[in-house]
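Here's a structure for you.
The values are calculated or read from the model by the stated rules, or taken from the named source; none is laboratory data. What you see is a predicted model, and the numbers here were worked out from it, not measured in a lab. Please note: Cβ atoms are built from the backbone with ideal geometry, for glycine as well, and neighbour counts cover all protein chains shown. The protein model used for the area step is the full one, side chains on, heavy atoms only, and it has no ligands, DNA or RNA in it. Shrake-Rupley method; radii C 1.70, N 1.55, O 1.52, S 1.80 Å.
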Amino acid sequence: MTDPTGDRTPLERAVVIGASAGGVQALSSILAALPAHYPHPILIVLHVPQRSDSLLVELMRPKCGMIVKEAEDKEMLRQGTVYFAPPGYHLLMEQTMTVALSTDEPVNFSRPAIDVLFETAADALGPDVTGVILTGANHDGAQGLCAIGAAGGTAIVQDPSEAEMPTMPRAALEACPSARSLRIDAIVQALLREAA
Amino acid sequence: MANSTDDHEIQLLLEDLFQHYHYDFRLYARASIKRRLLQARVQLGFGSIAEIRSAVLRDATLLPRLLDFLTVQVSEMFRDPSYFRALREQVIPHLRTYPSLKVWVAGCSNGEELYSLAILFHEEGLARKTMFYATDINPTALKAAQAAVYPLDRVRQFTENHQQSGARSSLSDYYTADYGRAVFDRSLGSQIVFSDHSLVTDAAFGEMHLISCRNVLIYFDRDLQDRAIGLFRESLARRGFLGLGSKESLRFSAHADAFGAFVGKEKIYQRIGA
Ligand SMILES: C[S@@+](CC[C@H](N)C(=O)[O-])C[C@H]1O[C@@H](n2cnc3c(N)ncnc32)[C@H](O)[C@@H]1O
């Protein structure tokens, strides 16, 4: 596949982020702090009502230097691009550095589910993935982060004391003891270091 | 790192299923297949994918249970009501002009999409001149589709969707409630032919005026999607219609030129040219 940006560096890493209640705010702060040429693709599952049209992309685009789009079935991942899971579909990462969508049953009552993205990312990239769990009022993402940790990837959780909803960060920390608990500004620093 | 033992065993299992049973999942989107096979391993009580492999070769009765993991039967009646509304408002007026109609629901699962179309055609007064062809590769799903019985607790969602599709009747006109189940009217099925047909390994069948194939292609890789789209191209009558799922499109297909976007937003295409 040809790359319109002329940039053909093979991708080596990806960042996956999961967020739920309170997530828009937390995500905005992170995405706004990353440069347009951030070298890794960022894949995001944010829980939103199933039937809502995806306003998320519209909401995030002006805040973020990177390209922001809804993930399309079987598209090739690119650097400098943020991909949101569309409402009502799971987002999966393939070993071929493409993404796939599916209408499999909800996981943890959610579709998209953070666990599905994180587990497939761990499978596809092993140590070369960073998973970040942000604020939320459920337990989605805990298993997935655990899979990332077990595969040698980098596991990060928003500090529960800072999170608008601490339940999801706490569950993730419990499931994945190797995860680092960081405040938003420290999460940004960690992601920037990976870009260096 | 990807667990390469599992990956290797999955590849062998898929090869075996094709060689021995002619079910071809080799070019399905792999991440989803892998997730579901790992679930099958746990839920069917096997220690490894290799064990599933030898068991299914020994015992063909395991096959249908494995197919329930390899295929995904998640659906709703009038799923994405705006799709059905677009069919009703924009496609039906064209279909009215034909003396008889053929509609193919490919990947019909347990029949939710099929009966949605049957009810819509009934409401629009086209039912009597329409033949429906409902196909799937999962025999259990085809049987359920033929039975047309759904748990009553799902019907509330179906009803809401139906109303949003621009309904001209009440969904309750089409079923009777019975011990927590909604049993859909037998007469809806009188013009439906059910058959086992794979978009991967079987041939085109012809002169359809409308093909509705939703949320099946997303389970395929791009080459396989293209094969299926080629089948649809061959199976459509001149100026026939093709409806896909909300996240499926012809944009990346080698057959894109043979179709025009008819209601682009709803992924409804019309066959054009040769
Ligand atoms: C997620 S369901 C879609 C149900 C319905 N069309 C909808 O959109 O709600 C996918 C269906 O495709 C069927 N399927 C999978 N592979 C197929 C193939 N090669 N040919 C035909 N149907 C297939 C599965 O058995 C399943 O019933």
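Out of the residues in the range B:228-244 that are part of a helix (DSSP H, G or I) and either free of Cβ contacts under 8 Å to residues at least 12 places away in the same chain or away from every other protein chain (no Cβ under 14 Å) (or both), state the one that is nearest to residue B:96 (Cα to Cα). Explain how you work it out, then say what you get.
Of all residues in the range B:228-244, those part of a helix (DSSP H, G or I) come to B:228-235.
Checking the rest, the ones that are also either free of Cβ contacts under 8 Å to residues at least 12 places away in the same chain or away from every other protein chain (no Cβ under 14 Å) (or both) come to B:230-235.
On the way: B:230: 26, B:231: 25, B:232: 21, B:233: 22, B:234: 22, B:235: 20 Å.
Among those residues, the one meeting the criterion is B:235.
Further question on the same structure: Any residue that is outside the structural domain of residue B:115 (by TED's automatic domain parsing), within 26 Å of residue A:115 (Cβ to Cβ) and either within 15 Å of the ligand (Cβ to nearest atom) or of a type in the set (Lys, Arg) (or both) - is there at least one of those in the range B:52-63? Walk me through it before giving the result.
The first filter runs over the range B:52-63 and keeps only residues outside the structural domain of residue B:115 (by TED's automatic domain parsing), leaving B:52-63.
Adding the requirement that they be within 26 Å of residue A:115 (Cβ to Cβ) leaves B:52.
Subsequent filtering for residues that are either within 15 Å of the ligand (Cβ to nearest atom) or of a type in the set (Lys, Arg) (or both) retains none.
No, the range B:52-63 contains no residue that is outside the structural domain of residue B:115 (by TED's automatic domain parsing), within 26 Å of residue A:115 (Cβ to Cβ) and either within 15 Å of the ligand (Cβ to nearest atom) or of a type in the set (Lys, Arg) (or both).
Out of B:29, B:40, report the one residue that is within 30 Å of residue B:158 (Cβ to Cβ), over 21 Å from the mean Cα position of the chain (by Cα) and within 16 Å of the ligand (Cβ to nearest atom).
On the way: B:29 fails: over 21 Å from the mean Cα position of the chain (by Cα).
Residue meeting the stated conditions: B:40.
Filter the range B:67-107 down to residues that are without any contact (Cβ under 8 Å) to a residue 40 or more places away in the chain and surrounded by 16 or more Cβ atoms within 10 Å (Cβ to Cβ) and give me whichever is nearest to the chain's Cα centre (by Cα).
That would be B:69.
How about the range A:172-182: which of its residues are within 15 Å of residue A:18 (Cα to Cα) and assigned to a loop (DSSP other than H, G, I, E, B)?
A:176, A:179
On to the next question. When only residues in the range B:250-271 that are outside any strand (DSSP E or B) and surrounded by 15 or more Cβ atoms within 10 Å (Cβ to Cβ) count, which is farthest from the other protein chains (Cβ to nearest Cβ)?
Residues of the range B:250-271 that are outside any strand (DSSP E or B), as a first pass: B:250-258, B:264-267.
Applying the additional criterion that residues be surrounded by 15 or more Cβ atoms within 10 Å (Cβ to Cβ) yields B:250, B:252-253, B:255-256, B:258, B:266-267.
Working: B:250: 12, B:252: 7, B:253: 11, B:255: 16, B:256: 15, B:258: 20, B:266: 13, B:267: 12 Å.
That would be B:258.
Something else: What's the total number of residues in the range A:100-121 that are facing chain B (nearest Cβ under 9 Å) and more than 16 Å from the ligand (Cβ to nearest atom)?
Total meeting the criteria: 2.
Further, regarding this structure: Out of the residues in the range B:35-66 meeting the condition of being part of a helix (DSSP H, G or I) and β-branched (Val, Ile, Thr), tell me which one is most open to solvent (accessible area, probe 1.4 Å).
The selected residue is B:42.
Only one of these conditions is not met by residue B:115: (1) within 14 Å of the ligand (Cβ to nearest atom); (2) in a helix (DSSP H, G or I); (3) surrounded by fewer than 23 Cβ atoms within 10 Å (Cβ to Cβ). Which number is it?
(3)
Which residues, taken from the range B:118-150, are among the polar types (S, T, N, Q) and either modelled with pLDDT under 95 or near the ligand (Cβ under 10 Å from one of its atoms) (or both)? Can you show your working first?
Of the residues in the range B:118-150, the ones among the polar types (S, T, N, Q) are B:130, B:135, B:138, B:140, B:146.
Residues satisfying the conditions are B:135, B:138, B:140.
State yes or no: is residue B:247 of a type in the set (Lys, Arg), without any contact (Cβ under 8 Å) to a residue 40 or more places away in the chain and within 14 Å of another protein chain (Cβ to nearest Cβ)?
On the way: of a type in the set (Lys, Arg): yes; without any contact (Cβ under 8 Å) to a residue 40 or more places away in the chain: yes; within 14 Å of another protein chain (Cβ to nearest Cβ): yes.
When the stated conditions are applied, residue B:247 passes them.
Let me ask something else about it. Go through the range A:106-125 and give me each residue that's hydrophobic (A, V, I, L, M, F, W, C) and open to solvent by 10 Å² or more (accessible area, probe 1.4 Å).
In the first step, residues of the range A:106-125 are kept if they are hydrophobic (A, V, I, L, M, F, W, C); the result is A:107, A:109, A:113-114, A:116-118, A:121-122, A:124-125.
Answer for the range A:106-125, where residues must be hydrophobic (A, V, I, L, M, F, W, C) and open to solvent by 10 Å² or more (accessible area, probe 1.4 Å): A:107, A:109, A:124, A:125.
State all residues of the range B:163-188 that are within 12 Å of residue B:122 (Cβ to Cβ) and surrounded by 16 or more Cβ atoms within 10 Å (Cβ to Cβ); if no residue qualifies, say none. Reasoning before the result, please.
The initial filter retains those residues of the range B:163-188 that are within 12 Å of residue B:122 (Cβ to Cβ), namely B:167-169, B:171, B:173-174, B:184-185, B:187-188.
Residues satisfying the conditions are B:167, B:171, B:174, B:184, B:185, B:188.
Okay, moving on. Suppose we keep only residues that are surrounded by fewer than 18 Cβ atoms within 10 Å (Cβ to Cβ) and hydrophobic (A, V, I, L, M, F, W, C) within the range A:58-105. Which one would you say is nearest to residue B:215 (Cα to Cα)?
Of everything passing the filter in the range A:58-105, A:76 is nearest to residue B:215 (Cα to Cα).
While we're here: Can you tell me how many residues in the range B:17-32 are buried (at least 19 other Cβ atoms within 10 Å of the Cβ) and closer than 17 Å to residue B:51 by Cα?
1
Considering only the range A:138-196, how many residues are open to solvent by less than 30 Å² (accessible area, probe 1.4 Å) and on the phi > 0 side of the Ramachandran plot?
Summing the residues that are open to solvent by less than 30 Å² (accessible area, probe 1.4 Å) and on the phi > 0 side of the Ramachandran plot in the range A:138-196 gives 1.
Moving on to the next point. Select from the range A:8-41 the residues that are hydroxyl-bearing (Ser, Thr, Tyr) and at pLDDT 95 or above and write down the one among them that is surrounded by the most Cβ atoms within 10 Å (Cβ to Cβ).
Looking only at the range A:8-41, we keep the residues that are hydroxyl-bearing (Ser, Thr, Tyr), and these are A:9, A:20, A:28-29, A:38.
If we keep only those that are at pLDDT 95 or above too, we end up with A:20, A:28-29, A:38.
Numbers: A:20: 25, A:28: 14, A:29: 15, A:38: 22.
Restricting to residues being hydroxyl-bearing (Ser, Thr, Tyr) and at pLDDT 95 or above, the top hit is A:20.
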